[in-house]
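Student: Shown below is the structure under consideration.
The values are calculated or read from the model by the stated rules, or taken from the named source; none is laboratory data. This one's a predicted model, so the numbers in the text were calculated from it and none came from an experiment. Cβ: placed from backbone, ideal geometry, glycine included. Neighbour counts: every protein chain shown. Note: accessible area is taken over every heavy atom of the protein model, side chains too, but ligands, DNA and RNA are not part of it. Shrake-Rupley method; radii C 1.70, N 1.55, O 1.52, S 1.80 Å.
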Amino acid sequence: MSVWKNEEILKRFSYYKGIIDGTHIARYLIAKTLECDFNPNDSLENLEKLLNEKSTEFNQLIDKNTEELKTREIKSPNYISLAETIANKYLESCIFCERKCGVNRIENEKGYCFLTKDSFVSSAFLHMGEESVLIPSGTIFFQSCNFGCVFCQNYDISQAWKGTRDIEDIASKVDDRNLAALAEKLVDKGAININYVGGDPIPNLHTIVGSLNHQTSNICQLWNSNFYLTDKALSLIIDFMDFWLPDFKYGNNKCGEKYSGVKNYYDVVARNHKRIHDGGSGEIIIRHLVLPNHVECCSKPILDYIAKQIPKCVVNVMGQYRPQYKAYDYDEINRTPSSKEMLEVKNYAEKLGILYKPVS
Ligand code: SF4
């Protein structure tokens, strides 16, 4: 049975489905119709203030009916141009993610993610292995990540190359125009969304935002990420993404520090989830990978948070964890989750009334 026959899924993802059916317009296309005159050399503070004003205008606009929106003309410069300009300023002392390395990536300095201003794509294809509502998904894998997960399945893309291989030898450099062309090619092949992943898209936020002014198709823009971005960085994309596919890995800060090497994991990621739930498109599938021996400290607190704070989210309770990469060095995660653990997590989600079955 098609997952779209599930009324609750249809209700929660109605805008996304409308884009697929052509009855709704992707948010980024609407953002392009919002004229935005600004001086790129103005202070960051003033540009951020203008961004807030444009976001308010955008959110008034998005409520208008589709026919009215279709009559609007694309403007230049527009709301996206402003977000791109601010993103490039943030690169001068990088604060895209909560590591806040503060390096000048424009001047080729590198922080934890090992990226300068350039973005690199390791592959791009129609992914058929994502959640059923998302396939075929036009997936773009960026090289590098701002996390250092010891159990990473994509460690060759995310981190193992750092300091050992030149990124130019293993991935293709893309600018905003190349990235847009890649996205449009995926649309031509039949993608129903453009899925930015990695590694992680966060360090490449400027290129992704920039590419939106070169894309033209009415296609869903999807952010697939560890979601450890700063509040300021999230402000640059919150209005342009139609669908969110964030991870929610750990139910506390300590596990985030131990297995991914990041501080305040839970506080940051919970905050960001709340923001896209209450604002933005609000159409979200949270991916929760169940880790062995982490039902009490991670899975249950995450599900509690979702049920109380962000109940419109749909959750993919994932059982595919396998020890990989450096996970063998950690006894407690050096096995797959047991069927008892998986059942316990799913029963807990059920008890809390969380919608997970159609996508898990
Ligand atoms: S994206 Fe994150 S990890 Fe990379 S330089 Fe910026 S703050 Fe550091």
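Student: Residue farthest toward the positive end of the dipole of the chain, with Cβ of Lys/Arg at +1 and Asp/Glu at -1: which of Gly138, Phe248, Pro203?
Tutor: Phe248
Student: So, one more: What order, most packed first, do the peptides 278-289, 171-182 have when packing is the mean number of other Cβ atoms within 10 Å of each residue? Let's see the in-between values first.
Tutor: Numbers: 278-289: 20.4, 171-182: 17.6.
Descending mean neighbour count gives 278-289, 171-182.
Student: A further question on this structure: With respect to the cross-link table entries Lys17/Lys357; Lys89/Lys263; Lys70/Lys117; Lys64/Lys100; Lys162/Lys258, which display a Cα-Cα separation exceeding 27 Å? The partial results should precede the final answer.
Tutor: Working: Lys17/Lys357 19 Å; Lys89/Lys263 24 Å; Lys70/Lys117 35 Å; Lys64/Lys100 38 Å; Lys162/Lys258 20 Å.
Checking Cα-Cα distances, Lys70/Lys117; Lys64/Lys100 exceed 27 Å.
Student: From Cα coordinates alone, what are the radius of gyration and Dmax values for the chain in angstrom?
Tutor: Rg, Dmax (Cα atoms, Å): 19.7, 60.
Student: Which distance in nm do the two modelled labels at Phe38 and Lys162 give, with both placed 7 Å along the Cα-to-Cβ direction?
Tutor: Result for the modelled spin labels: 3.0 nm.
Student: What is the set of long-range amide H partners of Ser225 at a cut-off below 5 Å, with H atoms built 1.01 Å from backbone N?
Tutor: Result for Ser225 returns Leu245, Asp247.
Student: In addition: Which FRET efficiency, nearest 0.05, do Asn293 and Gln153 yield, Cβ-Cβ r, R0 22 Å?
Tutor: Numbers: r = 19 Å, r/R0 = 0.85.
The formula returns an efficiency of 0.70 here.
Student: Right, here's the next one. Do any cysteines of the chain lack a neighbour Cys whose Cβ is under 4.7 Å away, and which are they?
Tutor: Cys36, Cys94, Cys97, Cys101, Cys113, Cys145, Cys220, Cys255, Cys297, Cys298, Cys313
Student: Please compute the length gained on full extension between Lys351 and Glu92, using 0.36 nm multiplied by the number of residues separating them and subtracting their Cα-Cα distance.
Tutor: Values: separation 259, 0.36 × 259 = 93.24 nm, distance 4.73 nm.
Length gained between Lys351 and Glu92: 88.5 nm.
Student: I've got another one for you. Run through the DSSP bridge list for the chain and note the antiparallel percent, rounded to the nearest 5. Spell out each step's value before the answer.
Tutor: Values: 11 of 31 bridges.
Bridges in the chain that DSSP calls antiparallel: roughly 35 percent.
Student: If the only charges are +1 at each Lys and Arg Cβ and -1 at each Asp and Glu Cβ, what is the size of the charge dipole of the chain around the Cα centre, to the nearest 20 debye?
Tutor: Working: 43 positive and 47 negative charges, 167 e Å.
For the chain, the charge dipole is close to 800 debye.
Student: Can I ask one more? Lys and Arg at +1, Asp and Glu at -1: add these up for the other residues within a Cβ distance under 11 Å of Cys313 and post the number.
Tutor: +3
Student: Next question. Lys and Arg at +1, Asp and Glu at -1: add these up for the other residues within a Cβ distance under 10 Å of Asn193 and post the number.
Tutor: Working: positive: none; negative: Glu130, Asp242.
Value of the local net charge: -2.
Student: In addition: Could you tell me which chymotrypsin sites (Phe, Trp or Tyr not before Pro) in the stretch 4-63 are loop residues by DSSP with no more than 11 other beta carbons within 10 angstrom of their beta carbon? Write out the running numbers ahead of the final one.
Tutor: Numbers: sites: Trp4, Phe13, Tyr15, Tyr16, Tyr28, Phe38, Phe58; in loops: Phe13, Phe38.
When the chymotrypsin sites (Phe, Trp or Tyr not before Pro) of the stretch 4-63 are filtered for loop state and at most 11 Cβ neighbours within 10 Å, nothing remains.
Student: If you take the Cα atoms of the stretch 33-169, find Rg, then find the Kirkwood Rh from the mean of 1/r over all pairs, what is Rg/Rh?
Tutor: On the way: Rg = 18.9 Å, Rh = 18.1 Å.
That ratio equals 1.05.
Student: Ranked highest first by the average count of other Cβ atoms within 10 Å around their residues, in what order do 183-194, 341-352 fall? Before the final figure, lay out each step's value.
Tutor: Numbers: 183-194: 19.8, 341-352: 16.7.
The peptides rank, most packed first, as 183-194, 341-352.
Student: Local charge sum around Ile354 (other residues, Cβ-Cβ under 13 Å, Lys/Arg +1, Asp/Glu -1)? Let's see the in-between values first.
Tutor: On the way: positive: Arg12, Lys300, Lys308, Lys312, Lys346, Lys351, Lys357; negative: Glu8, Asp304, Glu350.
Cβ neighbours under 13 Å give a net charge of +4.
Student: Find, among the GluC sites (Glu not before Pro) in the stretch 1-108, those assigned to loop by DSSP (not H, G, I, E, B) with at most 11 other beta-carbon atoms within 10 angstrom.
Tutor: Numbers: sites: Glu7, Glu8, Glu35, Glu45, Glu48, Glu53, Glu57, Glu67, Glu68, Glu73, Glu84, Glu92, Glu98, Glu107; in loops: Glu73, Glu98, Glu107.
The qualifying sites are Glu73, Glu107.
Student: Per the Kirkwood treatment, what hydrodynamic radius in Å, one decimal, follows for the stretch 116-250 from the mean inverse distance over all distinct Cα pairs? Mind showing how you got there, number by number?
Tutor: Values: mean 1/r = 0.0667 Å⁻¹.
This gives a value of 15.0 Å.
Student: Something else about it: Leaving out ligands and nucleic acids, and using a 1.4 Å probe, what accessible area per residue does the stretch 3-359 come to in Å²?
Tutor: Per-residue value: 41 Å².
Student: First compute the accessible area of the chain with a 1.4 Å probe, then give the percent of it belonging to carbon and sulfur atoms. The partial results should precede the final answer.
Tutor: Details: 7010 of 14990 Å².
Carbon-and-sulfur percentage of accessible area, whole number: 47.
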